[in-house]
Every structure is written in structure tokens, then in C-alpha cells.
Amino acid sequence: MDGTTTVTTAPVLILLGPPGAGKGTQARMLEEKYGLVQLSTGDLLRAAVAAGTEAGKEAKAVMASGGLVSDEIVLAILKDRLAEPDTAKGVILDGFPRTTVQAEALDDLLASSGQKINAAISLDVEDAAMVTRISGRFTCGACGEGYHDTFKAPKVAETCDKCGSTDMKRRADDNAETVASRLEAYHAQTAPLIAYYDNKNTLSHVDAMGQIDQIAKDLGSVIEQATNT
Ligand code: AP5
Ligand code: MG
């Protein structure tokens, strides 16, 4: 046994939630547990910025301000990534969609290939927790594993538990001022998607204020129900 749980179809799962809700942390755990592919538009955009592509150049200042990158850029990046063969295993969308335009474009894209969203899961958290979570975050530059100074410290200081790298990174947009703008953008432009998916009967809620492992169990229950029916 390799610890991977098999799901019957190629699921499409959405993790909705504000900055610091734990989307990335949980998506990586789900990836390992179910053999799905995490698809984070934030990670894809940061890679485009680092690579200095045209899209990356446009996205850079917007991301630094805490606003949302244009639907056009995000949709182009997402479509390219979805076209890669590994996504046939099923995907966990982390940080996408973030606007109604993106949600409608995703519906059209999936419909054109006979797929559907199995579950849109809202990670419910209080705004007050966000700054503490984000200000303590760091990530392994080699394998992408996420950590927190207090809540998820590596076993050996500054050393990745997963791959042993000591190349730890902190995000440029993880400062108090930008976090406030990111939260504002979430409430204005992304939170309405909770009602959007509720109206389509694909919405579930998971309390994301507790321990990381408990949240993972609760998410697993929702996903197993959504993918086996
Ligand atoms: P993105 O990278 O998606 O950032 P975000 O939505 O602000 O979310 P975060 O990555 O900050 O939080 P998370 O929920 O993943 O939390 P994590 O698991 O790391 O987007 C960045 C920017 O890119 C946007 O501002 C925008 O400009 C642009 N962008 C991206 N997608 C876009 C789109 N679709 N459209 C337009 N623009 C887009 O956890 C945070 C910390 O808390 C970690 O240290 C973790 O260890 C810790 N933690 C996790 N869970 C818990 C817990 N239960 N208890 C205690 N600590 C916890
Ligand atoms: Mg994230």
C-alpha cells in the first residue's frame, strides 16, 4: 500500500477561501491522499513572474498591490495548465475561480469536455486569523511544501521535512498592507462565488479554524461523498 486512496472518476474540486485559509496546505495534502493534481493560479502566476513572461510582467505589480490579476491572463494560464496530461487524474483548483467571469468560463470549459465540478468547498475562517497565518508562512523553494513559524514548523529548523532543502522562501505579498488589500479583494470579488456554487448545488462548507489534520479529515469526507456518487 502506498497510502493513496483511489477515487472512481476524475474529479474537479474547487477550494474557495480567503488568503491564508489553508487552500494550498490542504490542496497538497489532498494531492498526496487522492492522487489528484493541485492547480494553484497563485503558484502559476508566481512562476510566470519569476520567468519574466509577458503575462508575468503584467501580473507582477497587481499581485504586489494585493488586487486580482485580469481574468484574461488568469484564464489563459489556467487553460494552458489544464491542457497538460497529468490533469486527467483530476484536479484541485486552489485560488481559482476568483471572479464570476472566471467561474462561468470554467463551467464552459468543463462542459466542452464533458466534465463537471464535483464539489466547490468553502474553507470557512475568520478574518482575524489570516494575518497571523500569513505573517508566519514560509515555503520550501525546492519542493513547494508550506510551513508556518508557529503552526507548522519543520522538524529541523529551516529544513524541509519533505525534501531536506534549506532554501526557504517568504512571499513578497505576505505583508500586513498587502494582506489587507487581498482580503478586501476576496470579500468584494470572490466571496460572491459561495452563492454562485450554492445555487448550483455543488457547495460544501468546511470549518477551517481548527487543526490542519482535522480540516484534512473533514475535507476528505466531503470529497469522498462528492466523488463516489
Ligand atoms: P494566492 O497565491 O492564491 O494567494 P491567496 O488566495 O491570497 O491565498 P494564500 O496562498 O495566501 O493562502 P492559502 O489559503 O493557500 O493558505 P496556506 O495554505 O498557504 O494568490 C496570490 C495573488 O495572485 C492574488 O493576490 C492575486 O493577485 C493573484 N491571483 C491568484 N489567483 C488568481 C485568480 N484566480 N484571479 C486573479 N488573480 C489571482 O496557509 C497559510 C499559512 O497558514 C501557512 O503558513 C500554513 O502553514 C498555515 N496554516 C494553514 N492551515 C492552518 C490551520 N488550520 N491552522 C493554523 N495554521 C494554518
Ligand atoms: Mg496558497
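Placing a pseudo-label 7 Å from each Cα along the Cα-to-Cβ vector at GLN211 and GLU104 gives an inter-label distance of 4.5 nm. Solvent-accessible area of GLU158, all protein chains in place: 100 Å² (probe radius 1.4 Å, heavy atoms, ligands and nucleic acids excluded). Measuring nothing but how far apart in sequence close Cα pairs (under 8 Å, 6+ apart) lie, relative to its length, the range 111-218 scores a relative contact order of 35 percent. In the chain, what % of DSSP beta bridges are antiparallel (nearest 5)? The antiparallel fraction comes to roughly 25 percent. Which of LYS60/LYS169; LYS89/LYS162; LYS79/LYS162; LYS60/LYS89; LYS89/LYS155 have a Cα-Cα distance over 20 Å? Exceeds cut-off: LYS89/LYS162; LYS79/LYS162; LYS60/LYS89; LYS89/LYS155. With the charge dipole of the chain set up from +1 on Lys and Arg Cβ and -1 on Asp and Glu Cβ about the Cα centre, the Cα lying farthest toward the positive end among the listed residues ALA191, THR150, ILE212 is that of THR150.
Using the average count of surrounding beta-carbon atoms within 10 Å as a protection proxy, the listed peptides 91-101, 67-77, 13-23, 198-208 rank, highest first, as 13-23, 91-101, 67-77, 198-208.
Grab the Cα-Cα distance for ASN201 and SER221, subtract it from 0.36 nm times how many residues apart they are, and report the gain in nm with one decimal.
Taking 0.36 nm per residue and subtracting the Cα distance, the gain is 5.5 nm.
Among 79-90, 51-62, sorting by the average number of other beta carbon atoms lying within 10 angstrom of each residue, highest first, gives 51-62, 79-90.
Cysteines in the chain lacking any other cysteine Cβ under 4.7 Å from their own Cβ: there are none. Using a Cα-Cα cut-off of under 20 Å, which lysines could be cross-linked to LYS217, ignoring same-chain neighbours fewer than 8 residues away? The reachable lysines, counting only those whose Cα sits under 20 Å from LYS217, are LYS23, LYS33, LYS152. For a paramagnetic label modelled on ASP161 (point 7 Å from Cα along Cα→Cβ), amide N atoms under 14 Å away belong, within the range 21-47, to 25-26, 28-30. Label-to-label distance, ALA111 versus HIS187, with points set 7 angstrom from Cα along the beta-carbon direction: 3.3 nm. In the context of the full set of protein chains, residues of the chain present 50 Å² of accessible surface per residue (probe radius 1.4 Å, heavy atoms only). Here the chain exposes an accessible surface that is 52 percent carbon and sulfur, computed with a 1.4 Å probe and the other protein chains kept in place. Computed on the chain, the Cα convex hull volume stands at 128 Å³ per residue.
The values are calculated or read from the model by the stated rules, or taken from the named source; none is laboratory data. Predicted model only: the values in this text are computed from it and were never measured. In this analysis, Cβ positions are derived from the backbone assuming ideal geometry, glycine residues included, and neighbour counts consider all displayed protein chains. Each accessible area value is taken on the protein alone, full model and side chains, heavy atoms only, with ligands, DNA and RNA left out. Shrake-Rupley method; radii C 1.70, N 1.55, O 1.52, S 1.80 Å.
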